[in-house]
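Participant: Encoded as structure tokens, here's the structure I'll be asking about.
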């Protein structure tokens, strides 16, 4: 009696020679090949083993799918996928850099913004400053008091109403305003490294759209 070919060789040879009808299932085809070489008992054993393997494989697929789904949920819920997180991070990082640059001049970022608004944007009254910089009037008054003490601005009373004030920047304030503007440009240039003018413009427009979606206007810088 000639020796039977090995299982792998038999299966390989038969699959190469046998044309499996499209309507015939893989299991039926496999069983027919095994039956030809090893008999009916072998068919039952092999199919049982295959069923177990298929079951285990299916269970593993279900577990992997479930784990991947949970991993995706965790990822999308991560703070690193939050618009607010990245917006806050870039703002705080740029503010910290700018404040560090201004610390040597004895002025804060917000006070510098007020000084610049008076000098460059010609906002001459506290109410104009509050609206332009979105700072509440009380905060504007405190900032103006400090700038006046530092001899960076002057308050001029106009007309008969002593409560009406016109703000002027002193020569010292003009010089400091120019320095602050230069430092501001340096910060912007640093953080815009690698970005094209079109990238920057698109970023600004995107921020404007996001702010337009806000329900309340932020009142403090």
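The values are calculated or read from the model by the stated rules, or taken from the named source; none is laboratory data. It should be emphasised that the depicted structure is a prediction, and the values quoted were computed from it without experimental measurement. Note that we place each Cβ from the backbone using ideal geometry, even for glycine, and neighbour counts take in every protein chain shown.
Participant: On the basis of being in contact with a helix residue (DSSP H, G or I) (Cβ under 8 Å, 6 or more places away or on another chain) and modelled with pLDDT of 95 or more, does residue 179 make the cut?
Facilitator: Details: in contact with a helix residue (DSSP H, G or I) (Cβ under 8 Å, 6 or more places away or on another chain): yes; modelled with pLDDT of 95 or more: yes.
Yes.
Participant: Anything in the stretch 172-187 that is surrounded by 12 or more Cβ atoms within 10 Å (Cβ to Cβ) and either closer than 16 Å to residue 94 by Cβ or not assigned by TED's automatic domain parsing to the domain that holds residue 102 (or both)? List them, or say none.
Facilitator: Answer for the stretch 172-187, where residues must be surrounded by 12 or more Cβ atoms within 10 Å (Cβ to Cβ) and either closer than 16 Å to residue 94 by Cβ or not assigned by TED's automatic domain parsing to the domain that holds residue 102 (or both): 180, 181, 183, 184, 186, 187.
Participant: Working only within the stretch 77-114, note down all residues that are under 20 Å from residue 206 (Cβ atoms) and in a loop (DSSP other than H, G, I, E, B).
Facilitator: Hit for the stretch 77-114 is 82, nothing else.
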